[in-house]
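Beneath this line is the structure, given in structure tokens, with notes to follow.
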Amino acid sequence: MTRPSPRIALYPGSFDPITRGHIKLISRALTIFDRIIIGIAINISKQPMFSFEERVAFIEDAFPDMPVEVTPLDGLLVHEAQRLHCNAILRGLRSGTDFDYEFRMTSMNSSLNQDIETVFLMSDPADTFISSSLIKEVARFQGDITPFVTPKVADALLHKFSESV
Ligand code: PNS
């Protein structure tokens, strides 16, 4: 009998930095997929606050002993998904605003490659307002970001903004 091939999802994003919202979504996705590959987009127009290496370290710290890998993504998502042997692209949805953007991106991706499905998980209702960019804004003005990120990320943000004062 042939064994079914493992279900692998590519979870792409900037992860600048990874948040509690991302972490919960990945944990839930691990009940559906055998393995998650977190793809950090390195060549998009956004200028990241944290280096690729820092973002990888935050992710590895959040997922000790889990079937989660991290890789740089450099190019079209559908090409990268194929290269990494992923059956699906995983994305989170927080709101209607996310939906509009995701709908257009998924439509473009499926017109480029119909064999790669995009799977969406709705974020936990308690996390719908959490985003990496808002967390950076709160940290910039010394607000408490500890409920939204891991202790390692909170320390790094604190350090980043105390450097720039
Ligand atoms: O964290 P983000 O900003 O939501 O991530 C966006 C990302 C990296 C998923 C998106 O910009 C992306 O896929 N970039 C790679 C280029 C691509 O394939 N775009 C989709 C075709 S429209």
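Among Gly21, Gly13, Gly75, Gly39, which is the only one that is within 12 Å of the ligand (Cβ to nearest atom) and modelled with pLDDT under 95? Lay out the reasoning, then the answer.
Numbers: Gly21 fails: modelled with pLDDT under 95; Gly13 fails: modelled with pLDDT under 95; Gly39 fails: modelled with pLDDT under 95.
Exactly one residue qualifies, and that residue is Gly75.
List the pairs whose first member sits in segment 127-143 and is over 16 Å from Leu93 (Cα atoms), whose second member is loosely packed, with under 11 Cβ neighbours inside 10 Å and among the acidic types (Asp, Glu), and whose Cβ atoms are under 8 Å apart, counting only residues at least 6 apart or on separate chains?
Pairs that qualify, where the first residue is over 16 Å from Leu93 (Cα atoms) and the partner is loosely packed, with under 11 Cβ neighbours inside 10 Å and among the acidic types (Asp, Glu), are Val138/Asp144.
Among the candidates Val149, Val119, single out the residue that is within 16 Å of the ligand (Cβ to nearest atom), over 23 Å from Phe50 (Cα atoms), aliphatic (A, V, I, L, M) and in contact (Cβ under 8 Å) with a residue 60 or more places away in the chain.
Exactly one residue qualifies, and that residue is Val119.
Across segment 132-146, what is the total count of residues that are surrounded by 16 or more Cβ atoms within 10 Å (Cβ to Cβ), among the polar types (S, T, N, Q) and more than 14 Å from Phe50 (Cα to Cα)?
Within segment 132-146, the first condition is being surrounded by 16 or more Cβ atoms within 10 Å (Cβ to Cβ), and the residues that meet it are 132, 135-136, 139, 145.
Still in the running and among the polar types (S, T, N, Q): 132.
Of the ones still in play, those that are also more than 14 Å from Phe50 (Cα to Cα) are none.
Result for segment 132-146: 0.
Within segment 1-57, restricting attention to residues that are β-branched (Val, Ile, Thr) and in a loop (DSSP other than H, G, I, E, B), which residue is farthest from Asn109 (Cα to Cα)?
So, considering only residues that are β-branched (Val, Ile, Thr) and in a loop (DSSP other than H, G, I, E, B), the one farthest from Asn109 (Cα to Cα) is Thr2.
If you scan segment 75-130, which residues turn out to be out of contact with any strand residue (DSSP E or B) (no Cβ under 6 Å at 6 or more places or on another chain) and among the hydroxyl-bearing types (Ser, Thr, Tyr)?
Ser95, Thr97, Tyr101, Ser107, Ser110, Ser111, Thr128
Test of understanding: among Pro67, Pro6, which residue is more than 13 Å from the ligand (Cβ to nearest atom), more than 30 Å from Asp155 (Cβ to Cβ) and in contact with a strand residue (DSSP E or B) (Cβ under 7 Å, 6 or more places away or on another chain)?
Values: Pro67 fails: more than 30 Å from Asp155 (Cβ to Cβ).
None of the other options fit; the residue is Pro6.
Cβ-Cβ distance below 7 Å, separation of 6 or more or different chains: which pairs start in segment 63-85 with a residue that is part of a loop (DSSP other than H, G, I, E, B) and end on one that is away from the ligand (no atom under 16 Å from the Cβ) and basic (Lys, Arg)?
Close Cβ pairs (under 7 Å, with a partner that is away from the ligand (no atom under 16 Å from the Cβ) and basic (Lys, Arg)) amount to Pro67/Arg35.
Matching residues to (1) under 26 Å from Ser5 (Cα atoms); (2) of a type in the set (Phe, Trp, Tyr); (3) over 13 Å from the mean Cα position of the chain (by Cα):
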| residue | (1), (2), (3) |
| --- | --- |
| Lys24 | yes, no, no |
| Ala29 | yes, no, no |
| Ile37 | yes, no, no |
| Met49 | no, no, yes |
| Pro67 | yes, no, yes |
| Cys86 | yes, no, yes |
| Leu90 | yes, no, no |
| Met105 | no, no, yes |
| Val119 | yes, no, yes |
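Given the conditions (1) part of a helix (DSSP H, G or I); (2) surrounded by 13 or more Cβ atoms within 10 Å (Cβ to Cβ), report the number of the one that Gly92 does not fulfil.
Evaluating Gly92 over (1) part of a helix (DSSP H, G or I); (2) surrounded by 13 or more Cβ atoms within 10 Å (Cβ to Cβ) leaves (1) as the failure.
The values are calculated or read from the model by the stated rules, or taken from the named source; none is laboratory data. None of these values were measured; they are calculated from a predicted model. Note: ideal-geometry Cβ built from the backbone for every residue, glycine included; neighbour counts use all protein chains shown.
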